[in-house]
Amino acid sequence: MLNLSKEGLILFVQNHYGITIVAVLAIGITSLLWKTWDSSDHEDGIPGRLGLPFMGESFSFFSAVNSTNGVYDFVEKRRKRHGKWFKTRVLGRTHVFVPSIEGAKTILANDFVHFNKLYVRSMEDTVGALSIFTVPHKIHNRIRHVLSDFFSMSALSMFVGKFDKMLSERLDKLEKSGKSFKVTDFSSKITFDAMVSMLMSVTEDPLLAQIEKDIFDVSDNMLSIPLMIPGMRYYKGMKAREKLNEIFGGMIARRRSGEEYFDDFLQSMVERDSYPDDEKLSDQEIIDNLITLILAGQTTTAAAMMWCVKFLSESTEVLDRLREEQLSIDRKKPEGALLTMEDLNDMSYGFKVVKETLRMGNVLMWLPRVANHDCIIDGVQVKKGWFVNVDATCVHYDPDVYKDPTRFNPSRFDDIQKPYSFLPFGAGPRTCLGINMAKVAMLVFVHRMTGGYKWTLDNPDSRLAKKQHISRLRSGCPITLKALNKGK
Ligand code: HEM
């Protein structure tokens, strides 16, 4: 062991100046890194581990993304360690997960003013610069206003019949085949087909198949490194986007020249040509938002349908009561008649089942925003540039907000909820534009499934699909249908 007197030490330093400087620096940096890595940083009132500069807790985050516990596991683990409020750092950005109704209100009611949505470059490029997702406030208002045509009462009434017909035929076919099928695949395909038919009247292969493939590639490559190198995911997504641009651009041109006419959303957009500027969209705005509507509506609605089947399969009491309501609606209608908006209005228990599914399913787990300046959220100080993620999942599972939160209990919605306590569709100026279409699609689905069939859950595996920002089962929730009258 080295044993030096004071003089000896001075002599050693003089003789080994370089080595000593390096050693002191190394010890200093190591202890600094250790401190940032190991400490639970309370400096600004929010506990949490920011970890190493830039990387922070990125490895843990991406390992949760890649696991079958799902990405929310990352949040749950930190909440257990640090408490309800915590902060973390992922890829150079500080994130705070906001767990309260008050926090949700502060953020979502001040969207665009004190908080903004920030997309990663790859996502922005694939949905397009003129998508409602990415445009600034003023343009957002105009685009949102014009797009609401697609969700008018008359458009939704038409959607009910169309979707019901499609669904009834496909379920009937599946039941007759006697085969097991994955609810996720089924619901994804039918939501896509119904939306594309309503938006632009494409119902025929091979164009439908081409659009489906390109939308899949865009969606699958939305979170990728933005490098245009052949073979890379971003390249594939951007190429698919170019193709969609061409296909939708061609359709717009044919509608304008009168070569093609259909009574659909695209036609209503083209017919706005003579309207004032704030009442219409440019061709590129139409294209970017057609892509956006399909992306925003398909996977979310499909996942919600899957969770509905899963939760109902596990709650016989709820299923029986729901089925009774749906059969009573059927009994009032002529045999084989399609559902109407009035029928949906009679599904009061069905509607609560849909809400409870969305509360527990948490299709979008949290809503990310960035703070535009230093501010206080629910008594907690947050700095400019931090991500403040409205943690909808935490609010939906908070026992102080929803009693016995892990129980699938639609009757809890007999009571009126506090504002900002039910967030599956967000809130404020960015509330889901497709909220009514999603509810309608789910009610029709619930009606046909429970009023027409019994089913068995063919794989009870409750692990989640990897690498998904929308929560769904890894198994795809396979079921086998049996017509109700046969099973009785
Ligand atoms: C169960 C199904 C659905 C769920 C759970 C859902 C959820 C959401 C949520 C939470 C937001 C807000 C995101 C945020 O604040 O960061 C949102 C926005 C949006 N959703 Fe949905 N959505 C569903 C279905 C649909 C459908 C069917 C459509 C269209 C056909 C659609 C179109 C949109 C659009 C365009 C926005 C952006 C609104 C804006 O920024 O102004 N969604 N959705």
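Remarks
- Pairs, first of a type in the set (D, E, K, R) in region 58-73, second outside any helix (DSSP H, G or I), C-beta under 7 Å, six or more apart: Asp73/Ser67
- Test: Thr393 is at pLDDT 95 or above, of a type in the set (Ser, Thr, Tyr) and within 12 Å of the ligand (Cβ to nearest atom): yes
- Remark: pairs (first residue in region 443-467, free of Cβ contacts under 8 Å to residues at least 60 places away in the same chain; second residue among the aromatic types (Phe, Trp, Tyr); Cβ separation under 8 Å; 6+ apart in sequence or on different chains) are absent.
- Any chance Gln381 is closer than 30 Å to Gly45 by Cβ, away from the ligand (no atom under 13 Å from the Cβ) and of a type outside the set (Phe, Trp, Tyr): yes
- Looking at region 106-216, the helices (runs of 4 or more DSSP H) lying wholly inside it that each contain 2 or more residues that are aromatic (Phe, Trp, Tyr) sit at 153-177, 183-200.
- Number of positions in region 114-127 that are away from the ligand (no atom under 13 Å from the Cβ) and in contact with a helix residue (DSSP H, G or I) (Cβ under 7 Å, 6 or more places away or on another chain): 3
- Hits in region 266-280 - residues which are charged (D, E, K, R) and either part of a loop (DSSP other than H, G, I, E, B) or touching a strand residue (DSSP E or B) at 6+ places or on another chain (Cβ under 7 Å) (or both): Glu271, Arg272, Asp273, Lys280
- Some residue of region 400-411 being hydrophobic (A, V, I, L, M, F, W, C), within 18 Å of Lys105 (Cβ to Cβ), more than 8 Å from the ligand (Cβ to nearest atom) and in contact with a Gly (Cβ under 9 Å, 6 or more places away or on another chain): no
- Per this entry, Leu130 is counted among residues that are modelled with pLDDT of 95 or more, under 27 Å from Ser282 (Cα atoms) and not basic (Lys, Arg).
- Given (1) within 27 Å of Gly434 (Cα to Cα); (2) in a helix (DSSP H, G or I); (3) in contact with a Lys or Arg (Cβ under 9 Å, 6 or more places away or on another chain), number of the condition Ser224 does not satisfy: (2)
- Exclusive hit being more than 10 Å from the ligand (Cβ to nearest atom), surrounded by 23 or more Cβ atoms within 10 Å (Cβ to Cβ), of a type outside the set (Val, Ile, Thr) and over 17 Å from Arg254 (Cβ atoms), set Asp277, Asp288: Asp288
- Residue check, Pro424 within 30 Å of Ser60 (Cα to Cα) and within 16 Å of the chain's Cα centre (by Cα): yes
- Qualifying residue in region 136-155 (condition: over 24 Å from Ile294 (Cα atoms), within 11 Å of the ligand (Cβ to nearest atom), in contact (Cβ under 8 Å) with a residue 12 or more places away in the chain and buried (at least 19 other Cβ atoms within 10 Å of the Cβ)): no
- The set of residues from region 37-50 being part of a loop (DSSP other than H, G, I, E, B) and at pLDDT 85 or above comprises Ile46, Pro47, Leu50.
- Whichever residue in region 454-473 is of a type outside the set (Lys, Arg) and in contact with a helix residue (DSSP H, G or I) (Cβ under 6 Å, 6 or more places away or on another chain) and, among such residues, is farthest from the ligand (Cβ to nearest atom): Leu457
- Each residue in region 239-265 was checked for being over 25 Å from the mean Cα position of the chain (by Cα) and either assigned to a helix (DSSP H, G or I) or within 18 Å of Glu212 (Cα to Cα) (or both), and 11 pass.
- Test: residue in region 69-88 that is among the hydroxyl-bearing types (Ser, Thr, Tyr), under 21 Å from the mean Cα position of the chain (by Cα) and either at pLDDT 95 or above or within 16 Å of the ligand (Cβ to nearest atom) (or both): yes
- A single entry from Gly385, Gly476 fulfils the requirement of being in contact with a strand residue (DSSP E or B) (Cβ under 6 Å, 6 or more places away or on another chain) and not in a strand (DSSP E or B): Gly476.
- When region 311-367 is filtered for residues that are away from the ligand (no atom under 16 Å from the Cβ), part of a helix (DSSP H, G or I) and small (Gly, Ala, Ser), the ones remaining, listed by number, are Ser313, Ser328, Ser348.
The values are calculated or read from the model by the stated rules, or taken from the named source; none is laboratory data. Model, not experiment: these values are computed from the prediction. With ideal geometry, Cβ positions are generated from the backbone for all residues, glycine too; neighbour counts draw on all protein chains shown.
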